[in-house]
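Asks: The structure that follows is given in the form of structure tokens.
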Amino acid sequence: MEGNFIYFLGTGGSRHVMAEQLRSTGGTFFNINGVRGIIDPGPGALTQMVKAKSLLKPEELSAVILSHGHIDHCNDVNLVIDSMTRGGLRKRGTLFAPGEILNGKNQVLFNYLKPFLEKIEKFEPQKTYSLNGLSFSSSGLHQHGMETYGFSFFLGKEKLSFITDTAYFSNLVEFYENSKWLVVNLVLEENCGNAKHLDIKGVKELLIKIDPEIAVVTHFGKSILRKGPQKVASQLARETGIKKVIAAEDGLKIKLN
């Protein structure tokens, strides 16, 4: 599979969708400028990659990126690293992750796997990273109850951004402005309490202010699945004026032209 693309190994979010596997929770695979990586390999990530092995080969990964340490985002990280490195027989790849899940009481990476990797990078707020010529940056800290970041990849003058789990707050717009492609985790239909996740209203505000050319909503909670992700995407397109709002599905590939 050639060219720049993203591939949704899973589009499920929240503990209930994860537990019932109403949607896969495998995260997102990317191929950008020849660099292959996976973002937030939650439960099922390796299984979904193996199912599509002719397209997405774990041993060809160069990067594993974790936005934060909740289980639906990082459960398969050790499996992916072991597969990427062939059980340590081939030192390979870089892990990018928040510091609090690299060491300490919330550590998610097995210590014995650390030497299998070429490099481990600790995320810092609004910092630019380089991987085999691919440039991407971390956002400022999200509001999600633990250290959480989103990301923006640079394809020449164009920008692909991932808004991962967070409550809505005004600075989100600053982190992701000028994005051509914007992938947003949309968990809730309506945030009736103090859940630190985006709902339809919050995503609508972000889309209006950031104004991407293409928006993709993913990481759906149960309330969004009940309402219907395609219906929500159509509503967002109608209310924001963005012509192309896509509701991601498991196995969806989007070319980055």
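Asks: In the stretch 14-23, is there at least one residue being of a type in the set (G, A, S), assigned to a helix (DSSP H, G or I) and more than 23 Å from N132 (Cα to Cα)?
Replies: Yes, some residue in the stretch 14-23 is of a type in the set (G, A, S), assigned to a helix (DSSP H, G or I) and more than 23 Å from N132 (Cα to Cα).
Asks: Tally the residues that are in contact (Cβ under 8 Å) with a residue 24 or more places away in the chain and assigned to a loop (DSSP other than H, G, I, E, B), restricting the search to the stretch 200-240.
Replies: 5
Asks: Another question about this same structure. Out of D72, D76, I need the residue that is modelled with pLDDT of 95 or more, under 19 Å from H142 (Cβ atoms) and surrounded by 20 or more Cβ atoms within 10 Å (Cβ to Cβ). Which one?
Replies: Step by step, each of D72, D76 is checked, and only D72 is modelled with pLDDT of 95 or more, under 19 Å from H142 (Cβ atoms) and surrounded by 20 or more Cβ atoms within 10 Å (Cβ to Cβ).
Asks: With respect to V80, is the statement that it is closer than 24 Å to A19 by Cβ, part of a helix (DSSP H, G or I) and of a type in the set (A, V, I, L, M, F, W, C) true?
Replies: Considered against the rule, which asks whether it is closer than 24 Å to A19 by Cβ, part of a helix (DSSP H, G or I) and of a type in the set (A, V, I, L, M, F, W, C), V80 comes out as yes.
Asks: Pick from the stretch 43-69 the residues that are of a type in the set (S, T, N, Q) and either touching a strand residue (DSSP E or B) at 6+ places or on another chain (Cβ under 7 Å) or crowded, with 20+ Cβ neighbours inside 10 Å (or both): which of them is farthest from G26 (Cα to Cα)?
Replies: Among them, the one singled out is S62.
Results for (1) touching a Phe, Trp or Tyr at 6+ places or on another chain (Cβ under 8 Å); (2) of a type in the set (D, E); (3) crowded, with 17+ Cβ neighbours inside 10 Å, shown as yes or no for each residue.
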residue: N132; (1), (2), (3): no, no, no
residue: G150; (1), (2), (3): yes, no, yes
residue: K157; (1), (2), (3): no, no, no
residue: F169; (1), (2), (3): no, no, no
residue: E174; (1), (2), (3): no, yes, no
residue: L182; (1), (2), (3): yes, no, yes
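Asks: Now for a separate question. Suppose the filter is surrounded by fewer than 23 Cβ atoms within 10 Å (Cβ to Cβ), at positive phi and either among the charged types (D, E, K, R) or under 18 Å from the mean Cα position of the chain (by Cα) (or both); does D211 pass it?
Replies: yes
Asks: Could I ask something else about it? D82 passes all but one of (1) at pLDDT 95 or above; (2) buried (at least 17 other Cβ atoms within 10 Å of the Cβ); (3) in contact with a strand residue (DSSP E or B) (Cβ under 9 Å, 6 or more places away or on another chain); which number fails?
Replies: Going through the list (1) at pLDDT 95 or above; (2) buried (at least 17 other Cβ atoms within 10 Å of the Cβ); (3) in contact with a strand residue (DSSP E or B) (Cβ under 9 Å, 6 or more places away or on another chain), D82 breaks only (3).
Asks: Are any residues in the stretch 114-161 of a type in the set (S, T, N, Q) and in a strand (DSSP E or B), and if so, which ones?
Replies: T128, S130, S135, S137, S138, S152, S161
Asks: Follow-up question, since we're still on this one. From the list G99, G87, which residue is out of contact with any Pro (no Cβ under 6 Å at 6 or more places or on another chain) and over 13 Å from L66 (Cβ atoms)?
Replies: Exactly one residue qualifies, and that residue is G87.
Asks: Further question: I'd like to verify a number: residues in the stretch 236-257 that are over 25 Å from T47 (Cα atoms) and under 14 Å from the mean Cα position of the chain (by Cα), how many?
Replies: So the count comes out to 0.
Asks: Could you list, in sequence order, all residues of the stretch 162-181 that are in a strand (DSSP E or B) and touching a Gly at 6+ places or on another chain (Cβ under 7 Å)?
Replies: Those that are in a strand (DSSP E or B) and touching a Gly at 6+ places or on another chain (Cβ under 7 Å): F162, I163.
Asks: Do you know which of the residues in the stretch 52-73 that are of a type in the set (V, I, T) and in contact (Cβ under 8 Å) with a residue 40 or more places away in the chain is farthest from R23 (Cα to Cα)?
Replies: Looking at residues that are of a type in the set (V, I, T) and in contact (Cβ under 8 Å) with a residue 40 or more places away in the chain, I get I65.
Asks: Also, quick follow-up: Is at least one residue of the stretch 58-73 hydroxyl-bearing (S, T, Y) and outside any strand (DSSP E or B)?
Replies: yes
The values are calculated or read from the model by the stated rules, or taken from the named source; none is laboratory data. In this text the structure is predicted, and so the values were computed from the model without any measurement. Cβ sites come from the backbone with ideal geometry, for glycine too, and all protein chains shown count toward neighbours.
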